[in-house]
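Student: Just dropping this structure here.
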Amino acid sequence: MQPLGGSLIQTNEVDYTFTYANRVKAAKEAGISIDISFDQTLNVQQYFCVLRGSPRKEAAVRFPEFVTRPDRQALLANKLRATPVAKDAEQKVDAVARRWLPDLNNPKNVFRNDAYWADHYVELNKRFKEWILA
């Protein structure tokens, strides 16, 4: 089982890695000696879209409203460990699930700025590739 996308942690080749909490949880449940810290997290937004020509457009347009309700957000957090973003959802998350969620109000956290990346992707991608080759 390689729940972290590899075995570098398990073989002590690296001391830490960037990964997802659900992968660490699966590794711990498999008996691997590992833990996670939420002291500094990289948080990203997720988006919903409806494809043009969708045969169920009306239902698809209603889906984001449904899934972002506080009760649905709390259920997703409790079952899937998805961080709730809806107001009033956080207090409905059980203590077991809360252990696997970051504190979005932590000032040490970073939120990816999608507008910045949209405006600068080409130049940053070029710089990254040049850095890799150096």
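The values are calculated or read from the model by the stated rules, or taken from the named source; none is laboratory data. Owing to the predicted nature of the structure, the values given are computational and were not obtained by experimental measurement. Counting neighbours? That spans all protein chains shown, and the Cβs are built from the backbone with ideal geometry, glycine included. Side chains included, ligands, DNA and RNA excluded: accessible areas come from the protein's heavy atoms. Shrake-Rupley method; radii C 1.70, N 1.55, O 1.52, S 1.80 Å.
Student: Taking into account only those residues within segment 73-87 that are open to solvent by 70 Å² or more (accessible area, probe 1.4 Å) and more than 15 Å from Asn105 (Cβ to Cβ), which is nearest to the chain's Cα centre (by Cα)?
Tutor: The qualifying residue nearest to the chain's Cα centre (by Cα) is Leu80.
Student: Same structure again: Quick check on segment 40-63. Is at least one of its residues open to solvent by 80 Å² or more (accessible area, probe 1.4 Å), under 30 Å from Ser7 (Cβ atoms), part of a loop (DSSP other than H, G, I, E, B) and of a type in the set (D, E, K, R)?
Tutor: no
Student: Which of the residues spanning segment 113-126 are loosely packed, with under 11 Cβ neighbours inside 10 Å and not aliphatic (A, V, I, L, M)?
Tutor: Tyr116, Tyr121, Glu123, Lys126, listed by residue number.
Student: Continuing with the same structure: Which one of the conditions (1) open to solvent by 90 Å² or more (accessible area, probe 1.4 Å); (2) within 23 Å of Asn113 (Cβ to Cβ); (3) hydroxyl-bearing (Ser, Thr, Tyr) does Thr68 fail to meet, given that it meets all the rest?
Tutor: (1)
Rundown of residues vs (1) of a type outside the set (Lys, Arg); (2) in a helix (DSSP H, G or I); (3) touching a helix residue (DSSP H, G or I) at 6+ places or on another chain (Cβ under 9 Å), yes/no style:
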| site | (1), (2), (3) |
| --- | --- |
| Glu13 | yes, no, no |
| Phe18 | yes, no, no |
| Ala27 | yes, yes, no |
| Ser37 | yes, no, no |
| Asp71 | yes, yes, yes |
| Ala82 | yes, no, yes |
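Student: Right, something else. Would you check if Lys108 is in a loop (DSSP other than H, G, I, E, B), within 18 Å of Tyr20 (Cα to Cα), open to solvent by 100 Å² or more (accessible area, probe 1.4 Å) and not aliphatic (A, V, I, L, M)?
Tutor: Spelling it out, Lys108 is indeed in a loop (DSSP other than H, G, I, E, B), within 18 Å of Tyr20 (Cα to Cα), open to solvent by 100 Å² or more (accessible area, probe 1.4 Å) and not aliphatic (A, V, I, L, M).
Student: What single numbered condition from (1) at pLDDT 85 or above; (2) open to solvent by less than 80 Å² (accessible area, probe 1.4 Å); (3) not basic (Lys, Arg) fails to hold for Asp35?
Tutor: (2)
Student: Looking only at residues that are among the aromatic types (Phe, Trp, Tyr) and at pLDDT below 90 in segment 38-63, which one is farthest from the chain's Cα centre (by Cα)?
Tutor: It comes out as Phe48.
Student: What is the residue count in segment 88-105 for residues that are outside any loop (DSSP other than H, G, I, E, B) and open to solvent by less than 70 Å² (accessible area, probe 1.4 Å)?
Tutor: Total satisfying the criteria: 1.
Student: Which condition number does Asn125 fail, the rest of (1) without any contact (Cβ under 8 Å) to a residue 12 or more places away in the chain; (2) in contact with an Asp or Glu (Cβ under 6 Å, 6 or more places away or on another chain) being met?
Tutor: For Asn125, the failing item is (2).
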